[in-house]
Structure formats: C-alpha cells, structure tokens
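Right, one structure below, let's go through it.
The values are calculated or read from the model by the stated rules, or taken from the named source; none is laboratory data. Everything quoted here is computed from the prediction, not taken from an experiment. A quick note on method: Cβ atoms are made from the backbone with ideal geometry, for glycine too, and the neighbour counts reach across all protein chains shown.
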Amino acid sequence: MKVVRELKFWINAYHNVKAAADELQLAFDFAKEGILSEEEVEEQYAAAIRLVEDLELKNMLRREEDKLGAVLKINAGAGGTESQDWASMLFRMYQRWCESKNYQTTVTNWQDGDDAGIKTATLQVEGELAYGFLKSENGVHRLVRVSPYNAQGKRMTSFASVFVVPLVDDTIEIEVNPANLSWDTFRSSGAGGQNVNKVETGVRLHYLYKDPDTGEAQEIVIENTESRSQMDNRENAMRLLKSQLYEMELEKRRAAQAAIEAGKKKIEWGSQIRSYVFDDRRVKDHRTNFQTSDVNGVMDGDLDDFIKAYLMEYGSDA
C-alpha cells in the first residue's frame with residue numbers, strides 16, 4: 001500500500017503539471033485572439049511554474065530516509081555566553097520553521113547556558129519529509145553581530161553546530177546489542193515542575209558501537225529529559241540511539257556512493273555552511289551562494305528558499 005500511495009502521488013502530480021501546461025498553452029492562444037489579457041496569461045504561467053518547481057523539489061526527496069521525521073541537535077560553540085545565546089536563537093528559528101510546516105515537535109534534551117541561551121538542545125521533529133528538508137541544515141552556523149554581552153559594543157563572531165539525523169520508525173529495523181548498553185540517571189534541569197527537579201527522571205544512555213567493517217569502536221551518548229517518567233525517557237533514548245545508528249549506516253552508504261561517483265561535488269557535513277551577518281542585514285549560504293537581506297524573516301523560520309536552493313543543487317548527492 002505504501003508503494004501504491006507513492007506511485008499514485010507521482011501519477012497525480014504529473015497529470016496536474018500536464019493540465020497546467022495545457023491550460024497555459026490555451027491561455028496563450030486566447031491572448032493572441034484578444035480573449036485573455038497579458039496579465040491573465042502571466043498568472044497561468046506563474047501557476048504552472050510553481051507546480052513544476054514543487055514537483056522538482058519533491059523529486060530531490062526520494063531517498064528512503066527523506067520521508068522520515070528528524071532529530072535536530074544544536075550545540076553552542078566556543079565563545080561562552082555569546083555562542084550560547086546564538087544556539088538558542090537557532091533553536092527558536094527551527095521551532096518557528098516546524099510550526100509553519102505543522103510538524104509536531106518535542107524537546108527531548110535541554111541544557112541552559114551559564115548566563116543566557118543554551119549549551120545544547122535536541123528537538124524531535126515528526127512529519128512527512130521532515131528529515132528530507134532539514135538535512136540541508138547539517139553543519140556549522142556562523143553569527144556576526146554587535147554583541148549585547150560585550151561592554152565595548154564590539155562586533156563579534158559566534159558559532160553553533162547543527163546535527164540532523166533521521167527519526168526512525170517501526171518500519172526501520174536497527175540491531176542494538178544489549179551487551180553494549182549502559183545507563184545513568186540524573187535530575188533534569190530547567191522547566192518541568194518540581195517532580196522533574198527532585199527525582200532522577202533524566203537518563204543518559206551509553207552505547208559502545210563497533211563498526212562491522214573496520215572493527216573501530218566508539219561510544220555514543222544519548223541524553224533524554226523530555227518526560228517526568230524515567231521509563232518513557234529510556235524508551236525515547238533508545239529510539240534516538242536507533243536514529244543515530246541508522247544515520248551512521250546511511251553515511252557509510254553515501255561514502256561508498258561518493259567513492260564511485262568521485263567526480264560529483266560533495267558537501268562534507270560539519271563544515272561552515274551559512275553566515276548570518278546582522279549588521280549588514282545579510283544571510284548567505286556558502287554552499288549554494290543563495291542569500292537574502294531579510295534577516296528577521298530568516299530568524300523567524302523563513303528557511304524555505306535556503307532549503308530549496310540546497311536540495312535543487314545537491315539533492316541527488318545529499
């Protein structure tokens with residue numbers, strides 16, 4: 001049924017685009033005869049182009065993992081309060097974007113900054129194609145502004161990293177070796193009521209992952225403070241672990257594909273991807289060179305143009 005629904009989507013989308021193209025041709029013929037105005041033809045043209053571009057964008061999101069939800073983690077970089085404030089601004093930006101898409105979000109981990117902002121936070125995003133869109137946000141985000149935390153009013157540069165992995169569901173099978181699992185509990189901090197702060201409801205999962213190909217071992221640490229129930233936090237921590245293991249497997253597949261298609265341009269995750277220069281009213285993506293002067297709009301979650309530019313250029317490789 002899942003395959004049938006997907007095929008039905010593409011067939012219907014094709015028919016919609018073809019109908020729009022036919023209507024545009026008809027409108028053009030009517031305009032030559034003086035039946036329709038030039039403005040009406042322009043409207044038909046804009047509608048047809050919009051349908052084609054939307055379909056092209058969806059075509060860039062045809063990988064298995066693109067349809068899944070996402071786990072988005074933000075870490076403040078070096079720089080103390082300024083970087084921690086920048087991390088909280090990015091977190092708000094992504095929350096606003098998710099709201100505009102009617103995605104369901106859950107804050108699964110939150111660590112307040114020393115004086116302001118956050119040290120780290122994790123947002124669980126559930127909705128169709130959430131990972132497909134948000135994967136474009138992987139990397140380091142750079143802020144340049146006159147810092148309100150600097151007494152001399154100097155222009156400062158801050159960094160925060162954004163890490164996005166697919167949120168696995170019941171259709172994805174991931175093997176977790178129980179022998180490599182261990183748990184810690186701790187008291188949650190921040191909002192959540194007295195019980196959260198007095199009882200050790202927060203959980204920290206440690207998992208020793210061994211690469212089956214290289215034998216290399218690494219420790220994965222997942223923290224979850226979402227619920228007042230330690231059991232619920234354990235369950236969600238396991239889901240987040242599976243999401244990260246799934247992403248690691250996907251990354252291995254991408255690396256293998258990149259080795260085969262070495263001629264293709266590839267964006268390495270973890271590199272600086274975007275600069276937000278508040279004083280110059282400019283936000284620029286360094287991968288696509290797309291930029292806008294609407295800084296306030298971007299910080300309020302208007303990211304669609306950046307996401308679209310990335311997917312249209314790198315969608316087949318991402």
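Selection of the range 11-60 for residues being under 27 Å from F306 (Cα atoms), surrounded by 14 or more Cβ atoms within 10 Å (Cβ to Cβ) and aromatic (F, W, Y) yields only Y45. Residues in the range 113-155 that are aliphatic (A, V, I, L, M), within 29 Å of V203 (Cβ to Cβ) and touching a Ser or Thr at 6+ places or on another chain (Cβ under 9 Å): A116, I118, A121, L123, V125, V140. No other residue among A121, A151 is without any contact (Cβ under 8 Å) to a residue 60 or more places away in the chain, surrounded by fewer than 22 Cβ atoms within 10 Å (Cβ to Cβ), more than 18 Å from V295 (Cβ to Cβ) and not assigned by TED's automatic domain parsing to the domain that holds V203 apart from A151.
Checked against (1) in a loop (DSSP other than H, G, I, E, B); (2) outside the structural domain of L134 (by TED's automatic domain parsing); (3) not β-branched (V, I, T), R50 passes all but a single condition, namely (1).
Residue-by-condition table, conditions (1) crowded, with 17+ Cβ neighbours inside 10 Å; (2) modelled with pLDDT under 95:
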site: K264; (1), (2): no, yes
site: D285; (1), (2): yes, no
site: S293; (1), (2): no, no
site: L303; (1), (2): yes, no
site: F306; (1), (2): yes, no
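State yes or no: is K67 surrounded by 17 or more Cβ atoms within 10 Å (Cβ to Cβ) and over 23 Å from V3 (Cα atoms)? The answer is no for K67. For the range 67-101, the set of residues classified as of a type in the set (A, V, I, L, M, F, W, C) and part of a loop (DSSP other than H, G, I, E, B) consists of L68, A78, listed by residue number.
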